[in-house]
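J.: Dropping the structure in here first, questions after.
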């Protein structure tokens, strides 16, 4: 086999065999195929796409590029949850201890924030002392002991994904559903899970801006996951406004605690229960979604889910009492009256990043207590002087006026109440 | 400026500014922009193309990536000739001394063979002792002294082209007319010439298989050359059969000598005169093509052109008396009767490469005396047992039977004489 021929075949719109894809991925992982050949291949894929069969083969080849964890021996099926990323999407923080309290073993691996979106790993890292750098076997040992572990992606799993992901970011080849699908699923398959609930985000704060693309991604994820032996459930949910009220790392940890106490924002509570119910059904801890919701609600009511979260943090060395608080708070008030009829979610995510909650460049360090608390969301009525949001920051050299203006510009205010009812879960 | 944004812009089909293109080329030449980003950019160009303005900017940026030779001080204009490459296309070997004898200063830089096509530099290298590694200023000194120098491409001129060319070859991004145009012309512009006669080859042995693509390339070459201050003449000529009779390095040197003695194959003689006449007209050594042809024919008749060739070889250290001859010769005979109604020229080029005349891999060394002499060409009548070609070789381990079969398979024989008259020069 010849890598140039493989590139040209894809460039010319022909299908690649599973053997050709495996040759490419193995060669790239081992370093025999250089970055520049993979880069031109990825751009050819961007233009020509990949068939379902090719995407299945790509996912498999990437999953098999490193170690595959064996999770057998755990009591119950391991059901993971993954979101394609959004603003304020700290669902995993509350969801993982919640379903663990319901008896599902949870070994969750999360990534860092990307662009305008936050990452669960960054949020966990805002808890002082918390160690997320466990190896696969250390994490497994912890799951056996307390039923849950939340860690970063280990280098042992799907090393091909790690290399390809960084290369896509640097070569303008991020936005292709086959590449996105293989990236998400290869890590999950390598992690040895039994089932996966996927939250495909759709809207102006998501990587999939429209419902049609989100549907395409959802369909391919489902098909490729199943073909690789995973039980799959895919939801498509809204990202036309930030999820919940908090955007920022320690702020989202606090919000997760609120959720586990039953006091979280309505949309955040609802999505946590919806995704959790799907996980319990997939993992056979409940026969129906309705039954699953009842279980989850009772675990919130009796504080077992919250206790599980605290146990998790403590076991991994986290000191929740020392969670950082920003030194400064500033309220952004509206000068217009009317109703919020749209939020530019991506811009709001970038505002949070400017405050220090996210990275503007890869090598940036984070300010864990910086961020935003939203006071108003889609459909809410506004009077002049009403607080729209509070911003939290530590860096006194920030261009606060510019940041506040950027935030205000991201909020679309109309004279009349929007007719459309907000839809959180599309499918 | 940001290289990822430039890649994404091109990927999305937007036009790049001259400043963006210069940023990319300068960054790549200096090594600040890595191969993988240039590779994904090139693949994006393959799919989205480049406008004329972008191609002009690309060519200029590449020409300016290194030294630009100053050829002023020579007596007369420097008119170069370039062919897009074919099989048996050793025209430059005879043409350069011919137009030099007519009074045009000739500083010709040539490349090595590529794929199934031969390169003038390889052909020159078959003359023992011949030194083609002169620097620009050494070559210029020689042109001042004897009116002609033939050398390889120097690293000082268009270093961007050298890097990009190698990368295109390794990333499946060769076939794009803007990239081809910039590659050809950037070197010529950097060489400081006044005018260029371009021979765009078209047919089954050329990189441009059909007339439409050849026309597109011819048009863009002409426009970009003119915009960069070159006097331009572009011919589109046939490559649906090898040019002349000889394919192979020292065999083509011998054929060039025949041509300069007036005894070359008819098509080869005709194209030499046609291209030479265009060069004399561009360089103002003749008012019309007719007048130019007369001059050239007289320089062949009085042996001045041949003397110039010998002087060139001698000045650069070449020992033409020691031109290598192959130890073995084998005649390939036809077993069919009829007429040759087609030749798969690319395959014939590959047969020559298998004999050692060309490289199958980049790092292959050449057998300078190996190759083919064709005895029959398009339209010729064949009787059973007629010799089609003679093959010349030294390596006794070659799979001769397979090679002969490959050659025979490349010759299409029909029962009736083809009605189409062979057309050498399309435009």
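The values are calculated or read from the model by the stated rules, or taken from the named source; none is laboratory data. Nothing here was measured: the structure is a model prediction, and the numbers come from that model. Positions of Cβ are backbone-derived with ideal geometry, glycine not excepted, and every protein chain shown enters the neighbour counts.
J.: Any residue in the range A:52-66 that is surrounded by fewer than 23 Cβ atoms within 10 Å (Cβ to Cβ) sitting within a Cβ distance under 7 Å of a residue that is outside any helix (DSSP H, G or I)? List the pairs, counting only those 6 or more apart or interchain.
T.: Close Cβ pairs satisfying both conditions: A:54/A:15; A:54/A:16; A:60/A:228; A:66/A:156; A:66/A:157; A:66/A:158.
J.: Among the residues of the range A:22-53 satisfying the criterion of being assigned to a loop (DSSP other than H, G, I, E, B) and within 19 Å of residue B:36 (Cβ to Cβ), which is nearest to the other protein chains (Cβ to nearest Cβ)? Don't jump to the end; show me each part of the working.
T.: Step one: filter the range A:22-53 for residues assigned to a loop (DSSP other than H, G, I, E, B), giving A:31-34, A:49-51.
Remaining after also requiring within 19 Å of residue B:36 (Cβ to Cβ): A:31-34.
Working: A:31: 13, A:32: 13, A:33: 10, A:34: 7 Å.
For the range A:22-53, the residue satisfying everything is A:34.
J.: Could you tell me how many of the residues in the range A:258-280 are over 13 Å from residue A:245 (Cα atoms), in a helix (DSSP H, G or I) and in contact (Cβ under 8 Å) with a residue 24 or more places away in the chain?
T.: The qualifying residues number 11.
J.: Still on this structure: Report the residue count in the range A:146-156 for those that are at pLDDT below 95 and more than 18 Å from the chain's Cα centre (by Cα).
T.: Of all residues in the range A:146-156, those at pLDDT below 95 come to A:151-156.
Now restrict to residues that are more than 18 Å from the chain's Cα centre (by Cα): A:155-156.
Going through the range A:146-156 one residue at a time, the tally reaches 2.
Residues are listed down the side, and each one gets a yes or a no for (1) within 14 Å of chain B (Cβ to nearest Cβ); (2) touching a residue at least 60 places away in the same chain (Cβ under 8 Å); (3) at positive phi:
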| site | (1), (2), (3) |
| --- | --- |
| A:132 | no, yes, no |
| A:142 | no, yes, no |
| A:149 | no, yes, no |
| A:152 | no, no, no |
| A:156 | no, yes, no |
| A:166 | yes, no, no |
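J.: What number of residues in the range A:95-123 are over 17 Å from residue A:313 (Cα atoms), modelled with pLDDT of 95 or more and buried (at least 24 other Cβ atoms within 10 Å of the Cβ)?
T.: Going through the range A:95-123 one residue at a time, the tally reaches 2.
J.: Related question: Do we find a residue being in contact (Cβ under 8 Å) with a residue 40 or more places away in the chain, within 27 Å of residue B:121 (Cα to Cα) and surrounded by fewer than 14 Cβ atoms within 10 Å (Cβ to Cβ) anywhere in the range B:305-317?
T.: Our first condition is that a residue be in contact (Cβ under 8 Å) with a residue 40 or more places away in the chain; within the range B:305-317, this holds for B:305-309, B:311-313, B:315-317.
Cutting the leftovers down to within 27 Å of residue B:121 (Cα to Cα) gives us B:305-309, B:311-313, B:315-317.
So of that shortlist, the ones also surrounded by fewer than 14 Cβ atoms within 10 Å (Cβ to Cβ) come out as B:317.
For the range B:305-317, residues in contact (Cβ under 8 Å) with a residue 40 or more places away in the chain, within 27 Å of residue B:121 (Cα to Cα) and surrounded by fewer than 14 Cβ atoms within 10 Å (Cβ to Cβ): present.
J.: Just wondering, is there one or more residues in the range A:358-377 that are over 29 Å from residue A:324 (Cα atoms) and over 23 Å from the mean Cα position of the chain (by Cα)? Can you show your working first?
T.: Of the residues in the range A:358-377, the ones over 29 Å from residue A:324 (Cα atoms) are none.
No; the residues of the range A:358-377 include none that is over 29 Å from residue A:324 (Cα atoms) and over 23 Å from the mean Cα position of the chain (by Cα).
J.: Then there is this: Do we have any residue at all in the range B:272-293 that's at pLDDT below 95 and either in the same structural domain as residue B:151 (by TED's automatic domain parsing) or surrounded by fewer than 20 Cβ atoms within 10 Å (Cβ to Cβ) (or both)?
T.: Within the range B:272-293, not a single residue is at pLDDT below 95 and either in the same structural domain as residue B:151 (by TED's automatic domain parsing) or surrounded by fewer than 20 Cβ atoms within 10 Å (Cβ to Cβ) (or both).
J.: While we're on this one: Look at residue A:83 and say whether it is under 30 Å from residue A:271 (Cβ atoms) and not assigned by TED's automatic domain parsing to the domain that holds residue A:371.
T.: Numbers: under 30 Å from residue A:271 (Cβ atoms): yes; not assigned by TED's automatic domain parsing to the domain that holds residue A:371: yes.
Answer is yes for this residue.
J.: Hey, another quick one. All but one of (1) touching a residue at least 24 places away in the same chain (Cβ under 8 Å); (2) surrounded by fewer than 20 Cβ atoms within 10 Å (Cβ to Cβ); (3) more than 14 Å from chain A (Cβ to nearest Cβ); (4) in a helix (DSSP H, G or I) hold for residue B:19; which doesn't?
T.: (1)
J.: Let me ask you something else. Is it the case, given these coordinates, that residue A:98 is touching a helix residue (DSSP H, G or I) at 6+ places or on another chain (Cβ under 6 Å), within 25 Å of residue A:298 (Cα to Cα) and in a strand (DSSP E or B)?
T.: The answer is no for residue A:98.
J.: May I pose another question? Could you say which residue among B:40, B:92 is in the same structural domain as residue B:278 (by TED's automatic domain parsing) and modelled with pLDDT of 95 or more?
T.: Testing whether each residue is in the same structural domain as residue B:278 (by TED's automatic domain parsing) and modelled with pLDDT of 95 or more leaves just B:92.
J.: When you look at residue B:387, is it in contact with a strand residue (DSSP E or B) (Cβ under 6 Å, 6 or more places away or on another chain) and closer than 13 Å to residue B:374 by Cα, yes or no?
T.: Details: in contact with a strand residue (DSSP E or B) (Cβ under 6 Å, 6 or more places away or on another chain): yes; closer than 13 Å to residue B:374 by Cα: yes.
For residue B:387, the condition - in contact with a strand residue (DSSP E or B) (Cβ under 6 Å, 6 or more places away or on another chain) and closer than 13 Å to residue B:374 by Cα - is met.
J.: Let me ask you something else. Just to be sure before I move on: is residue A:220 more than 16 Å from the chain's Cα centre (by Cα), more than 25 Å from residue A:100 (Cβ to Cβ), part of a helix (DSSP H, G or I) and in contact (Cβ under 8 Å) with a residue 60 or more places away in the chain in the structure I sent? Walk me through how you get there before you give the answer.
T.: Values: more than 16 Å from the chain's Cα centre (by Cα): yes; more than 25 Å from residue A:100 (Cβ to Cβ): yes; part of a helix (DSSP H, G or I): yes; in contact (Cβ under 8 Å) with a residue 60 or more places away in the chain: yes.
So residue A:220 fits the description; yes.
J.: Based on this model, can you work out whether residue B:248 counts as touching a helix residue (DSSP H, G or I) at 6+ places or on another chain (Cβ under 9 Å), modelled with pLDDT of 95 or more and either farther than 30 Å from residue B:285 by Cβ or in the same structural domain as residue B:372 (by TED's automatic domain parsing) (or both)? Steps first, answer last, please.
T.: Working: touching a helix residue (DSSP H, G or I) at 6+ places or on another chain (Cβ under 9 Å): yes; modelled with pLDDT of 95 or more: yes; either farther than 30 Å from residue B:285 by Cβ or in the same structural domain as residue B:372 (by TED's automatic domain parsing) (or both): yes.
Here the answer is yes, as residue B:248 does meet what is asked.
J.: Out of B:56, B:6, which single residue is assigned to a helix (DSSP H, G or I) and away from every other protein chain (no Cβ under 13 Å)?
T.: Unique residue meeting the criteria: B:56.
J.: Oh, and also: Of the residues A:320, A:340, only one is buried (at least 19 other Cβ atoms within 10 Å of the Cβ) and over 15 Å from residue A:98 (Cβ atoms); which?
T.: Every option except A:340 fails the conditions.
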